[in-house]
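**Q** Structure incoming, see below.
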Amino acid sequence: MRIVVDSEKCEGHNRCYSIAPELFDVDDYGYATEANGGVVPEGMEDKARLAIDNCPEYAITIVEE
Ligand code: SF4
């Protein structure tokens, strides 16, 4: 599974990082980018989906199941 953060949509709420710090990096302003090239380690798919569901800007999408 691979995810991507749309930097145009991200408003820097930091919620994704709070839920899944293993899957995201955030800058000093709270804007997120996907960690590890977006690759979600095995067993972390549910956490990734939770982060996606909790992004108020719908900025995170799954690009590969
Ligand atoms: S939850 Fe969404 S809007 Fe907030 S930092 Fe993460 S990707 Fe950006």
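Derivation of every value follows stated rules applied to the coordinates shown; laboratory data play no part. For clarity, every value in this text was computed on a predicted model and none was experimentally measured. Quick reminder, even Gly has a Cβ in these numbers, built from the backbone with ideal geometry, and neighbours come from all protein chains shown.
**Q** Collect residues whose amide H, placed 1.01 Å from N in the peptide plane, falls under 5 Å from the amide H of F24; neighbours closer than 5 in sequence don't count.
**A** Distant-sequence amide H within range of F24: A35.
**Q** Let me ask something else. Report the chymotrypsin sites (Phe, Trp or Tyr not before Pro) located in the stretch 1-58 that are in a DSSP loop and have at most 12 other Cβ atoms inside 10 Å of their Cβ, or state none.
**A** Values: sites: Y17, F24, Y29, Y31, Y58; in loops: Y29, Y31, Y58.
For chymotrypsin sites (Phe, Trp or Tyr not before Pro) across the stretch 1-58 that sit outside H, G, I, E and B with at most 12 neighbouring Cβ atoms in 10 Å, the list reads Y29, Y58.
**Q** Can I ask one more? Please report the relative contact order for the chain, taking Cα pairs under 8 Å with a sequence separation of at least 6, and give it as a percent rounded to a whole number. Let's see the in-between values first.
**A** On the way: 106 pairs, mean separation 31.7, N = 65.
Computed over the chain, the figure is 49 percent.
**Q** How far is helix 45-54 tilted off the main Cα axis of the chain, in degrees rounded to 10, range 0 to 90?
**A** Around 30 degrees separate the two axes.
**Q** Same structure again: In Å and whole numbers, how far do the C-alpha atoms of the chain stretch along each principal axis, longest first?
**A** 29, 19, 18
**Q** Karplus couplings for the stretch 10-15 from phi (6.51 cos²θ - 1.76 cosθ + 1.60, θ = phi - 60°), rounded to Hz, Gly and Pro as x?
**A** My calculation for the stretch 10-15 gives 4, 10, x, 6, 6, 5 Hz in order.
**Q** Sticking with this one: Pop out the ³J(HN,Hα) list for the stretch 55-65 in order, Karplus 6.51 cos²θ - 1.76 cosθ + 1.60 with θ = phi - 60°, rounded to Hz; leave Gly and Pro as x.
**A** 7, x, 9, 6, 8, 10, 10, 8, 9, 8, 7
**Q** So which residue, out of E11, E42, E34, gets the largest mean-square fluctuation from a GNM of the chain using Cα contacts under 10 Å as springs?
**A** Result: E42 has the largest fluctuation of those listed.
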